[in-house]
Amino acid sequence: MKYLILSGLVVLTLVASKPPQDHNSLTAKEKKDGWKLLFNGKTTNGWRGAYLDKFPAGGWAVEDGTLTIAKTDGRESRNAGDIVTDGEFSNFDLTFEFRLTEGANSGLKYFVVEHQPKPAGSAFGLEYQVLDDDKHPDAKMGRDGNRTVGSLYDLKPAQNKQAKPIGEWNQGRVLVNGSHVEHWLNGKKVLEYERGGEEFRKLVAMSKYATPAYNANGRFGEAPKGHILLQDHGDKVSFRDIKIKELRSQ
């Protein structure tokens, strides 16, 4: 609604609301610019279980245009399990939306490599943290807030972020251009780093990723390419509008 004042009279006018956004789709401009959908809102095409050749039989579901992991017992990758893209990526601009339930934990990983032997928890990769900072204890663990939403999990904290309330949709973004990587949350850059650089390796050395298990197949987080992964951490979390644009290698 809008109120107009004309000659001392208040006139009420009705302004048509915008139609609901068409999620899980690309505009003509996005298609021209090279964007591709990783989730079409209807099927699980393009995804499979981590370390599997097919999509998990249960736990993950396509619901009302979302890719949703069901709530179980809060354990990491022990129930339905994580899912990964069929394809691998190196230079890219990735955007996605996520909706948390109270106390939920999940994550989006990139440069994921399915090393053997299979780890007990989640597949190895760099993680954009998806978390209810207020209610999940992981937010207070790690170092300097590097396990809070939008952070590079256990490595570098997100700064000056503005997450939306639980139950509302947040937009995440991961931009990888050569060695330079950025995390964005709701249209604002919250961190950046140089993958494989001196600072990055110091952060790895201070993290849980310093252990030999994470580095048996090369330095952690420095694979030349990898899958995109959505994590099952035993909490209900929904994803939609997962889009990627591959960039030219530098």
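The values are calculated or read from the model by the stated rules, or taken from the named source; none is laboratory data. Predicted model only: the values in this text are computed from it and were never measured. Neighbour counts run over all protein chains shown; Cβ positions are idealised from the backbone, glycine included. Surface areas here come from the heavy atoms of the whole protein model, side chains and all, with no ligands, DNA or RNA. Shrake-Rupley method; radii C 1.70, N 1.55, O 1.52, S 1.80 Å.
When the helices in the chain are scored as -39500 (n - 2.57) per DSSP H run of 4 or longer and the sum is shared across all residues, what 222 nm value do you end up with, to the nearest 500 deg cm²/dmol?
-1500 deg cm²/dmol
Take each of the peptides 68-75, 142-149, average the number of other beta-carbon atoms within 10 Å over its residues, and list them starting from the highest.
Numbers: 68-75: 15.5, 142-149: 18.6.
The peptides rank, most packed first, as 142-149, 68-75.
Among the listed pairs Lys140/Lys188; Lys54/Lys135; Lys54/Lys236, which are separated by more than 29 Å between their Cα atoms?
Details: Lys140/Lys188 23 Å; Lys54/Lys135 33 Å; Lys54/Lys236 21 Å.
Distance filter (> 29 Å) returns Lys54/Lys135.
Between rounded, prolate and oblate, where does region 91-132 land on the alpha carbon gyration tensor, with a ≥ b ≥ c its root eigenvalues, rounded for a/c under 1.5, else prolate if a/b exceeds b/c? Don't skip to the answer; put the middle values down first.
On the way: a/c = 3.83, a/b = 1.33, b/c = 2.87.
Note, shape of region 91-132 comes out oblate.
With an 8 Å Cα cut-off and a minimum separation of 6 or more residues, compute the relative contact order for region 29-107 in percent. Could you put the intermediate results ahead of the total?
Numbers: 64 pairs, mean separation 21.9, N = 79.
28 percent.
Given points 7 Å out from each Cα along the Cα-Cβ axis, report the Gln162 to Asp53 separation in nanometres with one decimal.
Those two pseudo-labels are separated by 4.9 nm.
Between rounded, prolate and oblate, where does region 133-201 land on the alpha carbon gyration tensor, with a ≥ b ≥ c its root eigenvalues, rounded for a/c under 1.5, else prolate if a/b exceeds b/c? Intermediate values should be presented prior to the final figure.
Numbers: a/c = 2.88, a/b = 1.35, b/c = 2.14.
Verdict is oblate for region 133-201.
On the principal axes of its Cα set, how long, how wide and how thick is region 135-250? Give whole Å, largest value first.
So the extents along the principal axes, rounded to whole Å, are 39, 36, 27.
Ignoring ligands, DNA and RNA, please state the percent of accessible area on the chain from carbon and sulfur, probe 1.4 Å.
51
Shape verdict for the chain, please, from the Cα gyration tensor: rounded (a/c under 1.5), prolate (a/b greater than b/c) or oblate.
On the way: a/c = 1.70, a/b = 1.62, b/c = 1.05.
Verdict is prolate for the chain.
If I model a spin label at His115 and Asp144 as a point 7 Å from the Cα along the Cα→Cβ vector, what separation in nanometres do I get?
Computed distance between label sites His115 and Asp144 equals 2.5 nm.
Tell me the net charge near Phe239. Cut-off is 10 Å between Cβ atoms, Phe239 excluded, with +1 for each Lys or Arg and -1 for each Asp or Glu. Intermediate results must be reported in sequence, preceding the final value.
Working: positive: Arg99, Arg240; negative: Glu97, Asp241.
For residues surrounding Phe239, the net value is 0.
When ligands, DNA and RNA are left out and all protein chains stay put, how many square angstrom of accessible area per residue does the chain have with a 1.4 Å probe?
Details: 13000 Å² over 250 residues.
Dividing the accessible area of the chain by its residue count gives 52 Å².
Quick check: residue separation of Trp169 and Lys225 times 0.36 nm, minus the Cα distance between them. What number comes out in nm? Numbers along the way, then the final one.
Working: separation 56, 0.36 × 56 = 20.16 nm, distance 2.87 nm.
That pair, Trp169 and Lys225, stretches by 17.3 nm at full extension.
Return a whole-number percent for the relative contact order of region 96-248, with Cα pairs under 8 Å and 6 or more residues apart as the contact set.
31
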